[in-house]
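Participant: Next up is a structure, given as structure tokens.
The values are calculated or read from the model by the stated rules, or taken from the named source; none is laboratory data. This structure is a prediction, so every number in the text was calculated from the model and none was measured. In this analysis, Cβ positions are derived from the backbone assuming ideal geometry, glycine residues included, and neighbour counts consider all displayed protein chains. Just the protein is used for accessible areas: all its heavy atoms, side chains included, with ligands, DNA and RNA removed. Shrake-Rupley method; radii C 1.70, N 1.55, O 1.52, S 1.80 Å.
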Amino acid sequence: MYNEKVMDHFEHPRNQGVIEDANGTGEVGNAQCGDIMKIYLKVEDDVITDVRFQTFGCGAAVASSSMATEMIKGKTLAEAWDLSNKAVAEALEGLPPQKLHCSVLAEESIHAAINDYRVKHGLEAWEEKGGHAEHQH
Amino acid sequence: MDHAATTATRVEVAEAMVPYMTGHFGNPSSLYDLAKDSREAVDAARVQVAAAIGAAPKEIYFTSGGTESDNWALKGVAFAKRSKGNHIITTAVEHHAISHTCAWLEKQGFSVTYLPVDRYGMVDPEAVEAAITPETILISVMMANNEIGTIMPIAEIGTVARKHGVLFHTDAVQAAGHIPIDVQEMNIDLLSLSGHKFHGPKGTGALYVGPGVRLDPLMHGGAQERGRRAGTENVPGIVGMGMALSLAVAEMVENAERVTALRDRLAAGLLAIPETYLNGHPQKRLPNNVNVVFAYIEGESILLLLNRKGIAASTGSACSSASLEASHVLMACGLPHDVVHGSLRLTLGEETTEADVDYVVAAVAGVVQRLRDMSPLTPTELRSK
Amino acid sequence: MDHAATTATRVEVAEAMVPYMTGHFGNPSSLYDLAKDSREAVDAARVQVAAAIGAAPKEIYFTSGGTESDNWALKGVAFAKRSKGNHIITTAVEHHAISHTCAWLEKQGFSVTYLPVDRYGMVDPEAVEAAITPETILISVMMANNEIGTIMPIAEIGTVARKHGVLFHTDAVQAAGHIPIDVQEMNIDLLSLSGHKFHGPKGTGALYVGPGVRLDPLMHGGAQERGRRAGTENVPGIVGMGMALSLAVAEMVENAERVTALRDRLAAGLLAIPETYLNGHPQKRLPNNVNVVFAYIEGESILLLLNRKGIAASTGSACSSASLEASHVLMACGLPHDVVHGSLRLTLGEETTEADVDYVVAAVAGVVQRLRDMSPLTPTELRSK
Ligand SMILES: Cc1ncc(COP(=O)(O)O)c(C=O)c1O
Ligand SMILES: Cc1ncc(COP(=O)(O)O)c(C=O)c1O
Ligand code: FES
Ligand code: FES
């Protein structure tokens with residue numbers, strides 16, 4: 001059901017774990033709907049120098065977390081903010097249609113972590129552009 | 001270890017089927033000699049299936065599987081008895097072949113009671129009795145649950161049904177070949193079977209229809225199966241199903257003993273993993289079924305990692321279902337949505353060995369730990385150092 | 001010579017099926033690797049079946065046979081469109097899988113028009129159009145008749161149906177693999193197939209469901225076949241059916257040419273017997289079908305005697321039917337009851353030879369004479385000296 005790229009990121013997740021001294025964290029989803037994703041950011045001079053994740057979810061959720069963290073590492077916050085779930089799914093060479101919502105979680109948790117950093121540093125939280133598919137289970 | 005989903009056709013069964021595909025190709029309901037062998041083979045299979053459940057051969061109707069048998073029993077009785085009443089009693093833990101059929105019948109104006117179950121997935125025969133109204137035309141309760149293995153009190157429910165003169169159907173798809181069945185003693189009026197659950201061919205099934213039970217056909221057409229189930233008979237499939245069931249029943253006692261011991265070894269091994277809980281009834285369960293939940297992790301990921309280790313399994317997690325709905329069976333047993341996510345079903349086969357069980361226990365323990373390390377929910381003391 | 005009833009599964013097809021029985025036993029709708037081969041095999045078969053009728057693979061749903069496909073098409077559309085209308089148009093010469101389903105739907109409150117046919121068993125597309133009312137939800141006309149071989153004007157009826165926005169189903173069970181089919185060109189919305197009519201396995205079938213067609217499931221349950229046809233997939237059967245149909249279509253043109261020549265030779269031979277008449281259309285008929293009536297004699301006796309000479313055949317005689325009813329098809333063509341009694345259907349296979357045909361002609365001539373000598377109706381000049 002998953003392609004080899006997805007399976008590779010699922011089985012060998014990049015950047016999995018915790019950053020003890022993270023300066024931005026974001027958690028989305030809830031146990032009720034099943035998926036929870038937590039992102040830890042280490043930001044220096046507006047650049048993401050390190051990123052880690054924890055995920056409670058399916059193969060697609062884990063693979064999306066892994067891919068998304070790879071894609072934002074070394075990027076500026078603005079660049080990371082622009083990473084869409086579609087880009088993550090594309091980088092994974094496609095997800096099954098009923099699993100696209102799992103990649104939304106990656107996008108949303110990164111947004112949450114970025115805004116956490118911004119608010120902690122006295123900056124205004126960025127607004128979601130909207131138009132995302134409702135995440136539903 | 002997913003033998004509740006499907007089993008391979010026994011080699012001797014497949015071999016017995018081939019001549020009926022390519023050689024004896026007569027149509028058993030027509031006249032000529034070519035058909036005679038086919039007809040005799042179908043009759044012999046009918047005797048085998050009947051014997052396996054204590055029925056008479058003429059009470060067995062061959063179908064295309066458990067799903068058709070379930071659909072036929074419910075819709076057949078519902079439409080035939082519409083003038084008598086419109087109420088059906090079933091449980092909250094039936095297979096979708098029952099529950100989705102009931103939902104459709106509700107759209108056609110029937111009223112359905114879905115009885116709750118206790119934490120072990122067991123329905124109370126007294127609750128069945130209490131649900132009966134003058135409008136009740138059918139009670140349908142599965143013999144053994146496909147997810148958690150719980151064996152229902154079928155004989156007791158049969159007694160209740162008979163006492164009130166209500167027809168009683170049971171979906172015995174998971175039970176047949178694993179536990180003893182006697183339609184007479186259990187007062188069963190209709191019973192569904194599926195061939196591929198006991199090493200018979202896929203796409204074969206049967207419905208037992210007791211004496212005097214009226215039901216509309218689900219398959220209208222030719223006069224096959226004494227005018228009750230139309231369609232050219234799947235002769236090789238019927239031959240294979242009959243043979244597989246009679247072999248399964250002959251070997252049942254011996255297999256059940258050995259498999260039960262392995263099941264208990266497997267369960268004990270898995271329950272040794274911290275924060276792991278058994279689903280289904282501790283004693284009254286199928287000899288081959290183990291179902292557990294692991295806190296803090298999600299089932300689809302468990303399956304994927306086990307799969308990489310060559311282990312097939314099943315889960316009630318919403319993430320792994322096409323509809324993204326968590327198992328209605330585990331929810332009916334009172335498990336919260338997020339706990340259902342972490343469920344794992346393993347079902348043993350006759351050929352499973354102790355070594356297999358030990359391998360699986362070790363593999364699952366590793367996978368659970370790996371996923372717990374990844375999960376934001378896992379408490380610190382359960383994480384790897 | 002009864003290939004319209006059923007055909008043997010091709011040896012290469014049976015061989016291709018066996019590994020999916022005993023080896024690749026994964027459940028194609030589940031997750032793990034064991035299932036992958038099965039899923040790919042089912043997908044490949046879907047492509048084969050789709051290609052044979054000019055459909056897209058996702059428009060093909062596998063069933064347990066022609067009967068199920070017919071029942072599903074009719075009941076599925078009827079229940080799904082109930083709020084839109086309750087009128088169905090069909091013909092007087094459909095297979096019982098259609099006509100008995102229609103009779104049952106009438107009991108459920110639907111209204112059915114059974115269009116008459118001409119003496120060749122042909123329905124008039126203008127009569128179809130004239131029968132359409134604002135209540136009409138479905139037109140079902142078979143592509144080729146199983147008794148008399150007449151090929152219906154399907155493309156013309158498709159045009160009429162499309163023009164009026166009414167769904168169009170055709171039972172192509174006898175047509176598939178014998179004559180070209182294109183669901184697009186013919187404006188067909190639903191089309192039934194049965195595997196064992198073209199040397200595929202018994203107990204397999206398919207329903208083509210065109211884009212945007214809504215229909216209720218006949219088999220409620222699991223999410224197989226994209227949620228529209230529940231039940232564990234009969235993987236070996238599906239594999240066999242796909243392969244058999246694609247072989248049949250590949251060989252169709254060549255076979256049809258040869259078989260048509262044999263058919264014409266057979267018909268000419270039989271029509272040389274005095275007071276013998278052809279049933280069905282003289283030109284627009286299946287390449288393999290010959291149906292004749294012999295005055296003064298009864299079909300079951302013909303079959304029995306032919307059977308003793310190793311010839312399988314079929315008749316519309318009431319005496320040979322389980323219900324003791326004479327063929328509704330021949331009656332609809334205007335044949336009186338007593339004439340229907342003397343009908344004989346012979347259907348050729350791909351392997352039939354000229355020698356077979358000549359043997360059959362001689363055998364039938366002998367049998368007919370013998371029975372005529374026995375019959376009180378036979379005029380003196382037709383009796384043996
Ligand atoms: C309890 C139960 N009922 C019915 C079915 C449906 O059987 P089949 O898929 O053979 O149609 C199954 C199979 O999964 C089952 O476990
Ligand atoms: C025209 C037609 N429709 C439907 C059927 C039913 O097919 P099956 O017996 O494979 O279910 C037949 C087979 O006899 C047929 O000839
Ligand atoms: S996390 Fe539930 S489906 Fe992906
Ligand atoms: S004469 Fe015996 S059934 Fe017709």
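Participant: Before we go on, tell me the buried accessible area for the A/B pair, both chains summed, 1.4 Å probe, in Å² to the nearest 100.
Facilitator: Looking at A and B, the buried total is near 2100 Å².
Participant: Continuing with this model, one more query. With just the Cα atoms defining each centre, how far is region C:227-290 from region C:1-25? Give it in Å.
Facilitator: Cα centres, region C:227-290 to region C:1-25: 18 Å.
Participant: For the protein assembly as shown, with only Lys/Arg (+1) and Asp/Glu (-1) charged at the beta-carbon, what is the dipole magnitude about the Cα centre, in debye rounded to 20?
Facilitator: 1660
Participant: Next question, about the same structure. Mind grabbing the interface size between B and C? I mean buried accessible area, both sides, 1.4 Å probe, in Å² to the nearest hundred.
Facilitator: Details: alone 16200 and 16150 Å², together 27800 Å².
In total, this chain pair buries about 4500 Å².
Participant: For C:194-204, what's the mean count of beta carbons from other chains sitting within 10 Å of each residue's beta carbon?
Facilitator: 5
Participant: Output, in nm with one decimal and in ascending order, the distances from the B:Asp356 label point to the matching label points of the other copies (7 Å from Cα along Cα-to-Cβ).
Facilitator: Inter-copy label distances (nm, one decimal, shortest first): 4.6.
Participant: From the cross-link list A:Lys5/A:Lys99; A:Lys99/A:Lys129; B:Lys75/C:Lys84; A:Lys42/A:Lys86, which pairs have alpha carbons spaced over 18 Å apart?
Facilitator: Checking Cα-Cα distances, A:Lys99/A:Lys129; B:Lys75/C:Lys84; A:Lys42/A:Lys86 exceed 18 Å.
Participant: How high is the relative contact order of chain B, in percent, counting Cα pairs under 8 Å that sit 6 or more residues apart?
Facilitator: Numbers: 784 pairs, mean separation 78.0, N = 385.
Averaging sequence separation for qualifying contacts and normalising by length gives 20 percent for chain B.
Participant: Additional query: Roughly how many debye, to the nearest 20, is the charge dipole of chain C about its Cα centre, given +1 on each Lys and Arg Cβ, -1 on each Asp and Glu Cβ, and no other charges?
Facilitator: 560
Participant: At a 1.4 Å probe radius, carbon and sulfur cover how many percent of the accessible area of region B:11-250?
Facilitator: 55
Participant: Quick one: grab Rg to one decimal and Dmax as a whole number for region C:11-250, Cα atoms only, in Å.
Facilitator: Just the Cα atoms of region C:11-250 yield Rg and Dmax of 17.7, 57 Å.
Participant: With the Cα gyration tensor of the protein assembly as shown giving a ≥ b ≥ c as the square roots of its eigenvalues, does the rule (a/c under 1.5 for rounded; else a/b larger than b/c for prolate; else oblate) give rounded, prolate or oblate?
Facilitator: Details: a/c = 2.22, a/b = 1.79, b/c = 1.24.
It is prolate, given that a/c is not under 1.5 and a/b is the larger ratio.
Participant: Of all the residues in chain C, which one has the C-beta that comes nearest the axis relating C to B, and what is the distance in Å?
Facilitator: C:Ser64, 2
Participant: May I pose another question? FRET efficiency for A:Val18 and B:Ala362, Cβ-Cβ distance as r, R0 = 22 Å, nearest 0.05?
Facilitator: Efficiency, rounded to the nearest 0.05: 0.20.
Participant: Per-residue mean of other chain beta-carbon atoms within 10 angstrom of the beta-carbon, peptide B:347-357?
Facilitator: Partner-chain Cβ atoms within 10 Å, mean over residues of B:347-357: 0.
Participant: Continuing with this model, one more query. So for the pair B:Thr353, B:Ala103, with labels modelled 7 Å out along Cα→Cβ, what separation do we get in nm?
Facilitator: 4.4
Participant: While we're on this one: Over all directions, how big on average is the projection of the convex hull of the alpha-carbon atoms in region C:253-382, in square nanometres? Intermediate results must be reported in sequence, preceding the final value.
Facilitator: On the way: hull surface 32.0 nm².
Over every viewing direction, the Cα hull of region C:253-382 projects on average to 8.0 nm².
Participant: Counting heavy atoms of the protein chains only and a 1.4 Å probe, report the per residue accessible area for the protein assembly as shown as a whole number of Å². If you can, show how the numbers build up before the last one.
Facilitator: On the way: 32640 Å² over 907 residues.
Solvent-accessible surface per residue comes out at 36 Å².
Participant: Just going by the charge dipole of chain C, with Lys and Arg at +1 and Asp and Glu at -1 on Cβ, which of C:Phe79, C:Leu278, C:Ser140 is farthest out on the positive end?
Facilitator: C:Phe79
Participant: Next up: Nm distances between the label at B:Arg226 and the same-position labels in the remaining copies, 7 Å along Cα→Cβ, shortest first?
Facilitator: 4.0
Participant: So, in nm, how far is label C:Ala130 from label C:Lys163 when the simple model puts each one 7 Å beyond its Cα toward the Cβ?
Facilitator: About 1.4 nm separates the two model spin labels.
Participant: In addition: Mind giving me the FRET efficiency for A:Gln98 and C:Glu40? R0 is 22 Å, r the Cβ-Cβ distance, nearest 0.05 is fine.
Facilitator: Values: r = 19 Å, r/R0 = 0.89.
Computed FRET efficiency for A:Gln98 and C:Glu40: 0.65.
Participant: Of the accessible area of region C:326-385, with the probe set at 1.4 angstrom, what percent is carbon plus sulfur?
Facilitator: Solvent-exposed carbon and sulfur of region C:326-385 make up 61 percent of the total.
Participant: Quantify how strongly other chains surround peptide B:9-18 by giving the mean number of their Cβ atoms within 10 Å of each of its Cβ atoms.
Facilitator: That average works out to 4.
Participant: What is the local net charge at C:Val42, summed over the other residues whose Cβ is closer than 14 Å to its Cβ (Lys, Arg +1; Asp, Glu -1)?
Facilitator: Working: positive: B:Lys202, C:Lys36, C:Arg39, C:Arg46, C:Lys58, C:Arg226, C:Arg229; negative: C:Asp37, C:Glu40, C:Asp43, C:Glu225, C:Glu233.
Every neighbour counted, the sum reads +2.
Participant: Taking the Cα centre of region C:179-287 as the origin, how large is its charge dipole in debye, to the nearest 20, when only Lys and Arg (+1) and Asp and Glu (-1) carry charge on their Cβ atoms?
Facilitator: Here the size comes out at about 200 debye.
Participant: Would you list which aspartates and glutamates come within 16 Å of C:Lys385, measuring only between C-alpha atoms, while excluding same-chain residues fewer than 8 positions from it?
Facilitator: C:Asp373
Participant: Still on this structure, please answer the following. Just order C:136-142, C:169-175, C:375-381, B:349-355 by mean Cβ neighbour count inside 10 Å, highest at the front, would you?
Facilitator: C:169-175, C:136-142, B:349-355, C:375-381
Participant: Distances in nm, one decimal, shortest first, from B:Val11 to the same residue in every other copy, taking the label point 7 angstrom along Cα→Cβ.
Facilitator: Spacings between copies for this position, smallest first, are 2.2 nm.
Participant: A further question on this structure: Note down the net charge around B:Phe62, summing +1 for each Lys or Arg and -1 for each Asp or Glu among other residues with Cβ under 9 Å from its Cβ.
Facilitator: Charge balance in the 9 Å sphere: 0.
Participant: Near B:Pro180, within a Cβ-to-Cβ distance under 14 Å, what is the net charge of the other residues, with Lys and Arg +1 and Asp and Glu -1?
Facilitator: For residues surrounding B:Pro180, the net value is -4.
Participant: Something else now. At 18 Å minimum axial length over the Cα atoms and a Kyte-Doolittle cut of 0.5, report the qualifying DSSP H helices in chain A, or say none.
Facilitator: Span-like helices here: A:59-72.
Participant: Taking chain C as a Gaussian network, where each spring joins two C-alpha atoms under 10 Å apart, which residue of C:Met21, C:Met143, C:Met186 fluctuates the most?
Facilitator: C:Met21
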